[in-house]
Structures are given as structure tokens and as C-alpha cells.
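**Q** So that we are looking at the same thing, I have put the structure below in C-alpha cells.
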Amino acid sequence: MNAADLEKVYETLLSVPGMNDPVKVDLKIPRKTVLLLTEVLRKGMSPEIQSKGFGMADSLSENTKNELNAIIEESLEKAGLMELSGRLRGWGEAFFLYFLINFVIQNLTTSDLTQ
């Protein structure tokens, strides 16, 4: 599926009635998952990903992008990871990914694999 087709699919899905209705999401997830989730959201909206024809940020309104950024910030704040995330991002993307992968591997337990 090319980027234009993918954008049409996203536009269709996002225009379904009820998609603008607020939903309360109460997640209890480990900090490592918060860090990973916020990075995935950031990467998905990044210009580098868009220029390669991946992601869907080009089809999102500015309001939706702002909402996603607010979710990222709120999640990091609630998890107490705002400063850590900022420092890791300041060190550069390659180091951030290296640290994140090692952090997850070190904190991965057998119970994580069986869930």
C-alpha cells in the first residue's frame, strides 16, 4: 500500500462518527512501557518517518498532533520520566535508542514474556 492509499484509509477511519467523542483511558503500565510508548508516538509523528512514506502524521490535523503531544507530556509527567526522557533525547537519537533497548532488556522478566 502506498502512502496516498494509506492516507485515505486513515482519513476514512478518523472521520467515522463518534471518533471525536472523549474516552477515559486508565492505564497501569510500567515506566519502561511509558518511555517506549511516548518514543513510538514521537517517532511516528517525526518528519524523518514522514519523508520515508511511513507513519500518518501528514494526515493528522494540528489539533490532533497537539493532543498527541499533550498525551506524551502527561504520560511522562505522571510516570516521573520527564527529566530522564529530555536528557536522553538531548544526548542524541542513537544513544537514546541504545539506552532504551538495554533498559528494556535488563528489566524484562519471565512474567513479561508469559503475559
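Only the coordinates and a few stated rules stand behind these numbers; no lab work does. Since this is a predicted model, take the numbers as computed values, not measurements. All Cβ positions, even for glycine, are placed from backbone atoms using ideal geometry, and neighbour counts span all protein chains on display.
**Q** Tally Lys/Arg at +1 and Asp/Glu at -1 over every other residue whose Cβ is under 14 Å from the Cβ of Glu93; what's the total?
**A** Values: positive: Arg42, Lys43, Arg87, Arg89; negative: Glu39, Glu48.
Around Glu93, the charge tally is +2.
**Q** On a 22 Å Cα-Cα criterion, which of the cross-link pairs Lys28/Lys65; Lys24/Lys78; Lys43/Lys65 come out too long?
**A** Lys28/Lys65
**Q** Residue-wise, which Karplus ³J(HN,Hα) couplings in Hz belong to the range 87-95, taking 6.51 cos²θ - 1.76 cosθ + 1.60, θ = phi - 60°, and x for glycine or proline?
**A** 5, 4, 5, x, 6, x, 4, 4, 5
**Q** Need the list of aspartates and glutamates near Lys32 for cross-linking: C-alpha distance under 18 angstrom, and skip anything on the same chain fewer than eight residues off.
**A** Partners found: Glu73, Glu74, Glu77, Glu83, Glu93, Asp112.
**Q** Moving to a separate point now. Taking the alpha-carbon distance from Lys8 and a cut-off under 16 Å, which aspartates and glutamates remain once sequence neighbours fewer than 8 residues away in the same chain are dropped?
**A** Asp58
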